[in-house]
Every structure is written in C-alpha cells, then in structure tokens.
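A quick write-up on the structure given underneath.
The values are calculated or read from the model by the stated rules, or taken from the named source; none is laboratory data. Please read these numbers as outputs of a predicted model, since none were measured by experiment. Using ideal geometry, Cβ is built from the backbone for each residue, glycine included, and neighbour counts are taken over all protein chains shown. To get the accessible areas, we keep the full protein, side chains included, count just its heavy atoms, and leave off ligands, DNA and RNA. Shrake-Rupley method; radii C 1.70, N 1.55, O 1.52, S 1.80 Å.
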Amino acid sequence: MSFRKPTLEAVKLREALQKLGIRVLTEVDDHHKHIDLAIPDARINIEVDGDQHLTDSHQILSDLKRSHYSDVLGYDTIHIPNAAIRENLGGIASALAEAAKIREEQIKKI
C-alpha cells in the first residue's frame, strides 16, 4: 500500500477546516479511489484539483465516473481548483465548514 502525499493546497484547506472545528480526513481510500479530503460526519468528499481536471477531456470523464461512485456510497463530492484555494482559502473554508455543520444536522434527523 502506497501513501499519497496531499498537495499544499489540500493541506492548507484541511488545516483551515480543522481550525473551524471540522473533523477532516486526508487521502481516504474508499477502495475505488483516493479522496483528497473527506468530512465523514457530513458525507462530503473534497477533491482539490489542478488545471488538468478542467482542461483534459479524459480527466473530466474520469472525475465524473469517480464522483458517481461516491454518490452510490452516499457521499457528495465537491471539486475545488488549487487556484481558488490560493485566492480565497478563508472564504472557501468558512463556507465548507458551515455547509458541513448544516449537513451533519440533516443527517442526524434521518
């Protein structure tokens, strides 16, 4: 089993979310793929993506298939470009933390 090292942007986002009280897992293996960041209590997967995820047609199709697999497991996936994290880390982390808290409450009610 090989360990995948998270990107700098993924590390920064994880740290920002943790400071906001969100439990975040890094490089989670769901037996189909590695997920950059996961918020398991809210069933949210976060993929921190380089430009190839928006500019390579084969990568786009692969990402769609990978996201569908997560959907089947009950997780939703959000893709966040590296550049967005570099430009607005605080805003992204705050919005994700709030969404995770709302989602956790919704899941508890099910």
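Within the range 80-108, can you find the residues that are open to solvent by 50 Å² or more (accessible area, probe 1.4 Å) and either charged (D, E, K, R) or in contact with a Ser or Thr (Cβ under 8 Å, 6 or more places away or on another chain) (or both)?
ARG86, GLU87, GLU98, LYS101, ARG103, GLU105, LYS108, listed by residue number.
Can you name every one of the strands (runs of 3 or more DSSP E) wholly within the chain that holds 3 or more residues which are under 16 Å from the mean Cα position of the chain (by Cα) and of a type in the set (A, V, I, L, M)?
34-39, 44-49
Filter the range 1-12 down to the residues that are within 17 Å of GLY91 (Cα to Cα), in contact with a strand residue (DSSP E or B) (Cβ under 8 Å, 6 or more places away or on another chain) and open to solvent by 90 Å² or more (accessible area, probe 1.4 Å) and list them by number.
Within the range 1-12, none qualify.
Residue-by-condition table, conditions (1) touching a Phe, Trp or Tyr at 6+ places or on another chain (Cβ under 9 Å); (2) open to solvent by 90 Å² or more (accessible area, probe 1.4 Å); (3) of a type in the set (S, T, N, Q):
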residue: ARG14; (1), (2), (3): no, no, no
residue: LEU25; (1), (2), (3): no, no, no
residue: ALA38; (1), (2), (3): yes, no, no
residue: GLU47; (1), (2), (3): no, no, no
residue: GLY50; (1), (2), (3): no, no, no
residue: SER57; (1), (2), (3): no, no, yes
residue: ASP63; (1), (2), (3): no, no, no
residue: ARG66; (1), (2), (3): no, no, no
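Taking only the range 68-77 into account, find how many residues are among the hydrophobic types (A, V, I, L, M, F, W, C) and open to solvent by less than 70 Å² (accessible area, probe 1.4 Å).
Total meeting the criteria: 0.
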